[in-house]
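So the structure is just underneath, and the comments pick up after that.
The values are calculated or read from the model by the stated rules, or taken from the named source; none is laboratory data. It should be emphasised that the depicted structure is a prediction, and the values quoted were computed from it without experimental measurement. Positions of Cβ are backbone-derived with ideal geometry, glycine not excepted, and every protein chain shown enters the neighbour counts. SASA here: full protein model, heavy atoms, side chains in, ligands and nucleic acids out. Shrake-Rupley method; radii C 1.70, N 1.55, O 1.52, S 1.80 Å.
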Amino acid sequence: MVNDLPGDELDVDELCILSGLLSPPTQETVDALEEMARGWSWLSPAVMEIRHLGLPALRREYDRLLVTDDCPARESAWSSQVLAGGGTNLERLYRQAGISLQGREPDSLAMELIYAAWYLEQDLSNAPAGWRVIWHHLSGWVPPFARCLQSQAEVELYRALGARLEMLFSERNTRH
């Protein structure tokens, strides 16, 4: 990505991993965490705890934080202006990109991260204005959501996820 665009340090693979961690945890998630922690050291502290806690505890924490709305991972919960003007328009963008909702809400952070990863893989030399719109929306609501995760999470994985999201999408940490 061109260095003068906001969020130019974002990694497509990491955006996909972040999206996956915002999805309901499965045994595959637990099995993959150790492997992912090798490439993304911010995950390392969570791996030992998850081995000890197990999948049922991780699922309970996920449900408490993200399903029962302690920290909703949906843009509409944190911002009055949703990317693309709302869910219907987001669904249209996803369809055009060949991205399936897979049962998620269109304004879920998991979906928006997948869309951002897809967008980063495209030829941005002709579309930097579009990336700025995506970045502006994400950096406007992800940091407050991330701080909620950090303060409300009882499991290290979600505290680490919140810290990473805040670091990646904080306006103060980007060059533009």
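What does the accessible area per residue of the chain come to in Å², with a 1.4 Å probe and no ligands, DNA or RNA counted?
On the way: 8620 Å² over 176 residues.
Here the residues of the chain average 49 Å² of exposed surface.
Could you tell me what percent of the accessible area of region 54-149 is made up of carbon and sulfur, with a 1.4 Å probe and every protein chain present? Don't skip to the answer; put the middle values down first.
On the way: 2150 of 4480 Å².
Carbon and sulfur: 48 percent of the exposed surface of region 54-149.
Which whole-Hz couplings ³J(HN,Hα) result when phi for each residue of region 139-149 is put into the Karplus expression 6.51 cos²θ - 1.76 cosθ + 1.60, θ = phi - 60°, listed in order with x for Gly and Pro?
6, x, 10, 5, x, x, 4, 4, 5, 4, 4
From the phi of every residue in region 64-72, what ³J(HN,Hα) in whole Hz does the Karplus formula 6.51 cos²θ - 1.76 cosθ + 1.60 yield, where θ is phi - 60° and glycine or proline is x?
Each residue of region 64-72 in turn: 4, 7, 9, 9, 8, 6, 4, 9, x Hz.
Only Lys, Arg, Asp and Glu count, each charged at its Cβ (+1, +1, -1, -1), so figure out the dipole size of the chain about its Cα centre, rounded to 20 debye.
Details: 15 positive and 26 negative charges, 63 e Å.
Dipole size: approximately 300 debye.
List every residue whose amide H lies under 5 Å from the amide H of residue 74, counting only residues 5 or more places away in sequence or on a different chain, with H placed 1.01 Å from N in the peptide plane.
HN-HN under 5 Å from residue 74: 109.
What is the dipole size for region 16-113, taken about its Cα centre, with +1 at each Lys and Arg Cβ and -1 at each Asp and Glu Cβ, in debye to the nearest 20?
120
For P(r) over Cα pairs in 10 Å bins from 0, in percent, which listed value, (i) 10, 30, 23, 14, 11, 8, 3, 0; (ii) 9, 30, 25, 10, 7, 6, 6, 4, 2, 0, 0; (iii) 10, 39, 37, 13, 1, comes from the coordinates shown?
Checking each listed value against the structure points to (iii).
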